[in-house]
Amino acid sequence: MSALTDFRQEIDRLMRDPTYSPLEDADRRDFTGLRYYEPNDDLAFEVAVERLPADEPLIQMGTSTGDTQTFRRWGRFTFVVGGDEASLTIYSDRHGREFFLPFRDATNGDETYGAGRYLDDHRPGLTPLGGDRFAVDFNYAYNPYCAYTEAYSCPLPPRENWLQVPIRAGEKTFHI
């Protein structure tokens, strides 16, 4: 089995486990697995990231509950999807050690969660390769926990990370 298939099976196992799952009890009882796009090698990239100045002010990213969370705009990269060029900003914690890539795309609200999806360096999908290079694999794009319950406060992708192109990879909308 591929690493992606193994990873998806592990996520589905954790979603059934009440210790780790964001699902409500009733949803977890009927849970048979998340819905995913078929793997798409065209949506996995090795990118050069244009670093942003280290002294750039921290930003307050709005959340699904109306709060804010603090991030640093770390760097920006460009890639091609279906012949169209797109750009995204990678964010980090205030120290530049943990990386976060929230984004919206043309599938949101229809095929995927309306508020957007994430990649980060705590899961496969956003991997620092050294220097200013990253592996970005949208096949690992996932829904924030607020897609499953209102009990979570999730950062909302800033407008600069709203793509006009569809990213048909990773998790789809959640349905029991």
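The values are calculated or read from the model by the stated rules, or taken from the named source; none is laboratory data. Given the structure is predicted, the values throughout are model-derived calculations rather than measurements. Cβ placement follows ideal geometry from the backbone for every residue including glycine, while neighbour counts extend to all protein chains displayed. Protein only, heavy atoms only, side chains kept; ligands, DNA and RNA dropped before computing areas. Shrake-Rupley method; radii C 1.70, N 1.55, O 1.52, S 1.80 Å.
Quick notes on this one:
- Cross-chain or 6+ apart pairs with Cβ under 9 Å, segment 55-82 first and touching a residue at least 60 places away in the same chain (Cβ under 8 Å) and outside any strand (DSSP E or B), then among the aromatic types (Phe, Trp, Tyr) and open to solvent by 30 Å² or more (accessible area, probe 1.4 Å): SER64/TYR152; THR65/TYR152
- Filter result for PRO53 (of a type outside the set (A, V, I, L, M), surrounded by fewer than 17 Cβ atoms within 10 Å (Cβ to Cβ) and closer than 19 Å to ASN143 by Cα): no
- Restricting the first member to segment 1-20 and to residues that are under 14 Å from LEU34 (Cβ atoms) and modelled with pLDDT of 95 or more, and the second to residues that are open to solvent by less than 70 Å² (accessible area, probe 1.4 Å) and assigned to a helix (DSSP H, G or I), the beta-carbon pairs closer than 6 Å and six or more apart or on different chains are LEU4/ASN139.
- Filter result (of a type outside the set (Asp, Glu), touching a Pro at 6+ places or on another chain (Cβ under 6 Å) and either under 15 Å from TYR140 (Cβ atoms) or surrounded by fewer than 19 Cβ atoms within 10 Å (Cβ to Cβ) (or both)) within segment 70-115: PRO102, PHE103, ALA106
- Taken as a whole, the condition of being in contact with a Lys or Arg (Cβ under 6 Å, 6 or more places away or on another chain), open to solvent by 20 Å² or more (accessible area, probe 1.4 Å) and either closer than 14 Å to ARG168 by Cα or modelled with pLDDT of 95 or more (or both) applies to ARG35.
- Applying the criterion of being part of a loop (DSSP other than H, G, I, E, B) and of a type in the set (Lys, Arg) to the residues of segment 139-176, the residue that is least open to solvent (accessible area, probe 1.4 Å) is LYS172.
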